[in-house]
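Below is one structure, written out as structure tokens; comments come after it.
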Amino acid sequence: MKELLGVIDASENHIQLKEITKNRSIAAVPIGSRYRIIDFALSNMVNSGIQDVGIITQNHYNSLLTHLGPGKDWDLNRKRGGLFIFPPYGGSDSQGWYRGSVDALHSIMRFIRRSEQEYVLVSGTYMVFSFTYHDVLKYHIDNEADITILYKEKKGMTPDEFKQNTLIKVNDCGRVVDMEINPSLPRFNNIYMNTFIIGKDLLDYLLDECQSRGESDFVKDILLRKLSSLKIYGYKFNGYLACINSINAYYRYNMDLLNSDIREELFIKSGPVHTRVMDVVPAMYSENACVKNCIVADGCIIDGNVENSILFRGVKIYKGAKIKNSIIMQDSEVHENAILENVILDKEVIIRRSKNLIGQEIYPVVISKGAVI
Amino acid sequence: MSKKECIAMLLAGGQGNRLGLLTKNLAKPAVPFGGKYRIIDFTLSNCTNSGIDTVGVLTQYRPLKLNSYIGNGQPWDLDRLDGGVYVLPPYMKGKVGEWYKGTANAISQNIEFIEQFNPKYILVLSGDHIYKMDYSKMIEYHREKHADATIAVIETKLEDANRFGIMNTDKDNRIYEFEEKPKNPKSNKASMGIYVFNWNTLKNYLIADDKNAKSEHDFGKNIIPQMLSNGMVIYAYKFKGYWKDVGTLQSLYQSNMDLLEFPPIFDLYDPTWKIYGRNQGLPPHYIAPSADVKRAIVSEGSSIYGTVRHSIISTGVFIDKSSIIKNSIIMPYARIGKNTLIEDSIIAEKVTIGNNCTIGRRPDGKARQIELTLIGENAKIPDSTVVEKGMEIDSVMLQDIYDLYQNDAKEAKAL
């Protein structure tokens with residue numbers, strides 16, 4: 001896919017997951033035992049054969065930068081192209097803080113203009129899915145579309161997932177004919193996946209026009225306004241989509257990964273999901289271990305009981321500990337006879353012996369990074 | 001290229017025929033180990049962690065998989081601007097060319113390669129040992145002793161000493177005699193096959209040794225004894241810690257099982273001394289509600305629906321419902337069907353085992369020494385097969401058995 005330039009807009013400030021996003025952007029939030037949310041958007045591009053990817057970052061981008069490094073683990077440390085990361089910076093034409101997606105994209109327009117590719121694929125991160133974009137680009141070109149946006153039918157999604165999202169109406173020819181932004185009572189059936197393909201020059205023009213009017217939101221100020229004057233097509237995505245826009249959604253979608261069909265679709269079908277390689281030892285189960293229905297990453301040492309849970313790299317579960325329906329992030333420890341239920345432990349948390357933490361399925365307890373309880 | 005203080009030469013050309021079918025299509029250093037590693041990962045990681053950034057890997061036997069595994073050395077951080085990892089197979093020199101005739105000859109055929117780096121010291125390593133060692137300390141020791149050569153030794157039980165090359169030393173650990181597998185050992189210092197040489201000294205010995213038609217061109221048998229008889233200064237460097245030569249099926253099996261000790265006798269959890277390997281980009285492993293996993297190592301990409309006891313489950317393995325895996329090593333990407341029993345076995349890479357099979361079941365009563373059963377790479381074991389304890393089977397043999405069965409059936413029909 002030499003004709004497609006990849007851009008990931010990881011400046012999604014509006015998405016917050018309580019303590020989990022206190023010191024990291026949504027893109028850098030750990031998910032599924034060994035990944036960060038951005039791994040999916042980035043792997044989708046790499047698996048589509050996209051060779052140049054720009055990533056726009058905003059607040060708390062430290063952990064994102066550490067995670068990405070020079071892009072080696074995504075095969076993006078190249079002499080020609082590769083990975084380009086754009087932290088915000090103050091300059092004559094920007095204040096170093098993006099007011100919205102238009103601002104963010106506009107700030108890297110020089111990078112986009114200079115690229116060899118004719119088309120740009122822009123994607124966010126908190127919509128998690130595995131896909132390759134060959135067919136989308138073909139669809140875009142065949143339709144002679146100005147913009148092609150990805151959508152999925154909202155069937156099976158819960159109302160809180162429409163918050164901060166856009167629903168669209170698509171006609172029989174695939175044209176997007178109407179949109180509603182952040183509706184409380186949605187009328188349309190399809191959710192926009194924050195992913196679109198556009199010609200490079202058109203993007204340049206639209207961003208400039210939008211900026212000069214002092215507007216800042218790509219969906220509201222460009223897509224919605226241009227529905228009739230531009231040919232905006234919708235490409236229907238039929239796969240698995242996880243919209244991680246709240247702590248509940250985060251919890252629920254992590255638990256979804258205990259389903260083999262969903263794992264197959266996310267991790268195998270569209271190619272591997274690449275992530276930072278940590279070189280830790282495979283997981284170790286002791287004589288006392290009792291593990292049922294869990295996904296477990298390398299480096300874990302399990303001496304206790306774990307059920308329906310997600311264990312990240314280097315987690316230690318001591319003898320007699322009982323963990324149920326929980327997400328335990330990297331290097332956290334649960335000591336002897338502690339009991340956890342419906343809990344999310346951020347990284348490097350220590351739960352001392354015999355402590356009990358019980359949350360509810362619809363309201364999991366979240367413990368922030370490094371806490372000792 | 002700039003001058004290097006020390007470069008490593010890793011001997012990875014051995015055929016490894018004591019590993020049976022495991023090395024039929026695979027060089028010994030590329031044999032999977034400990035769930036996600038291959039044997040060579042330990043030596044390469046030791047090099048990187050010791051600050052040695054130039055490693056020549058001498059390959060000869062079935063090198064294809066080993067070569068592609070090593071690649072540009074990126075997983076071990078050996079993709080360097082100046083130095084890095086080099087795979088060195090034997091090559092034609094003008095009209096002559098020959099295989100590596102021995103460990104010393106392998107180095108000797110690469111004198112030109114080594115000279116490019118103009119090193120002061122050269123570290124000679126084996127590609128079939130499992131251990132963690134800081135070579136920089138050994139080189140430091142070598143330098144302090146003003147030695148011509150230094151050999152790493154490990155203290156074994158005296159009764160086992162007759163299986164090793166034994167170093168007899170004075171009080172200061174200077175070696176005065178080398179005995180290969182002595183019947184009546186005088187010392188318990190066994191050579192680990194790890195040598196540091198002053199390059200200029202070694203070079204002269206290698207050139208001389210090549211001209212000696214009677215020589216077996218081996219470090220232990222020829223070079224070291226020759227240096228000793230010439231009065232060169234050779235010291236033994238005592239290594240303390242876990243070290244295992246995994247050259248036989250039994251020792252490979254044992255070393256894998258050692259990883260299951262809790263607390264570990266071979267600690268791979270030290271963040272300052274990680275063992276690196278090529279990553280497969282697989283998802284985390286899954287333990288199903290029907291699974292029961294105890295005393296086991298389980299690697300990424302595996303899915304377990306059955307029972308696992310005291311076993312190593314490698315990357316990408318699938319174990320179906322009601323199957324029982326006991327005291328076994330399941331190598332990468334093997335698939336085990338339903339209701340199958342596997343005991344005391346090594347299941348090689350990409351083997352498929354059907355439903356209701358029995359592999360290597362222990363006869364009633366306890367066996368004294370574990371007798372291993374081995375299923376070779378890519379073999380497909382059909383449903384309801386019984387593989388007797390101690391057998392070694394691969395896909396070629398299975399085809400023969402199948403053909404035989406077909407012939408019998410034909411003859412029976414003709415009658």
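The values are calculated or read from the model by the stated rules, or taken from the named source; none is laboratory data. Because the structure is predicted, anything quoted here is derived from the model rather than measured. Glycine gets a Cβ as well: all are built from the backbone with ideal geometry, and neighbour counts include every protein chain shown. Heads up: the accessible areas ignore ligands, DNA and RNA and are worked out on the full protein's heavy atoms, side chains in. Shrake-Rupley method; radii C 1.70, N 1.55, O 1.52, S 1.80 Å.
Below is a table of values for the structure above.
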item: Qualifying residue in segment B:241-250 (condition: surrounded by 20 or more Cβ atoms within 10 Å (Cβ to Cβ), aliphatic (A, V, I, L, M) and within 28 Å of B:Ser136 (Cβ to Cβ)); result: yes
item: Condition check for B:Tyr69: within 22 Å of the chain's Cα centre (by Cα) and surrounded by 23 or more Cβ atoms within 10 Å (Cβ to Cβ); result: no
item: Flag for B:Pro289 being in contact with a Gly (Cβ under 7 Å, 6 or more places away or on another chain), part of a loop (DSSP other than H, G, I, E, B) and either within 12 Å of chain A (Cβ to nearest Cβ) or open to solvent by 30 Å² or more (accessible area, probe 1.4 Å) (or both); result: no
item: Selection within segment A:143-159 - of a type outside the set (A, V, I, L, M, F, W, C) and either farther than 19 Å from A:Leu203 by Cα or buried (at least 23 other Cβ atoms within 10 Å of the Cβ) (or both); result: A:Thr148, A:Tyr151, A:Lys152, A:Glu153, A:Lys154, A:Lys155, A:Gly156, A:Thr158, A:Pro159
item: Residue under evaluation A:Val277, criteria (1) modelled with pLDDT of 95 or more; (2) assigned to a loop (DSSP other than H, G, I, E, B), criterion not met; result: (1)
item: Evaluation of B:Glu261 against (1) loosely packed, with under 15 Cβ neighbours inside 10 Å; (2) within 14 Å of chain A (Cβ to nearest Cβ); (3) in contact (Cβ under 8 Å) with a residue 12 or more places away in the chain; (4) not aliphatic (A, V, I, L, M) (one fails), failing number; result: (3)
item: Enumeration of residues in segment A:125-142 that are surrounded by 22 or more Cβ atoms within 10 Å (Cβ to Cβ) and under 30 Å from A:Ser212 (Cα atoms); result: A:Thr125, A:Tyr126, A:Met127, A:His140
item: Residues of segment B:240-281 classified as in contact with a helix residue (DSSP H, G or I) (Cβ under 7 Å, 6 or more places away or on another chain), under 28 Å from B:Glu392 (Cα atoms) and of a type in the set (D, E, K, R), total; result: 2
item: Number of positions in segment A:53-78 that are surrounded by 23 or more Cβ atoms within 10 Å (Cβ to Cβ) and at positive phi; result: 0
item: Whichever residue in segment A:237-271 is part of a loop (DSSP other than H, G, I, E, B) and within 12 Å of another protein chain (Cβ to nearest Cβ) and, among such residues, is most open to solvent (accessible area, probe 1.4 Å); result: A:Asn259
item: Test result for B:Glu179, touching a strand residue (DSSP E or B) at 6+ places or on another chain (Cβ under 8 Å) and surrounded by fewer than 18 Cβ atoms within 10 Å (Cβ to Cβ); result: no
item: Condition check for A:Gly81: assigned by TED's automatic domain parsing to the domain that holds A:Phe188, buried (at least 19 other Cβ atoms within 10 Å of the Cβ) and on the phi > 0 side of the Ramachandran plot; result: no
item: Subset of segment A:115-126 (residues that are polar (S, T, N, Q) and assigned to a strand (DSSP E or B)); result: A:Ser123
item: Extreme residue, farthest from the other protein chains (Cβ to nearest Cβ), among residues of segment B:292-304 that are part of a strand (DSSP E or B) and closer than 20 Å to B:Gly34 by Cβ; result: B:Ile304
item: Selection count, segment A:274-309, where residues are hydrophobic (A, V, I, L, M, F, W, C) and more than 7 Å from chain B (Cβ to nearest Cβ); result: 7
item: Options B:Lys366, B:Lys380: the member that is at pLDDT below 90 and open to solvent by 30 Å² or more (accessible area, probe 1.4 Å); result: B:Lys366
item: A:Arg313 vs. criteria under 26 Å from the mean Cα position of the chain (by Cα), within 29 Å of A:Thr21 (Cβ to Cβ) and at the interface with another protein chain (Cβ under 9 Å from one of its Cβ atoms); result: yes
item: Selection status of B:Ile207, within 27 Å of B:Asp53 (Cα to Cα) and open to solvent by 60 Å² or more (accessible area, probe 1.4 Å); result: yes
item: Top-ranked residue of segment A:169-196 - restricted to ones that are β-branched (Val, Ile, Thr) and over 13 Å from A:Lys220 (Cβ atoms), ranked as surrounded by the most Cβ atoms within 10 Å (Cβ to Cβ); result: A:Val176
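So that you can scan it fast, the table gives a plain yes or no per residue for (1) aliphatic (A, V, I, L, M); (2) modelled with pLDDT of 95 or more:
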{"residue": "A:Val128", "(1), (2)": "yes, yes"}
{"residue": "A:Phe131", "(1), (2)": "no, yes"}
{"residue": "A:Leu150", "(1), (2)": "yes, yes"}
{"residue": "A:Glu153", "(1), (2)": "no, no"}
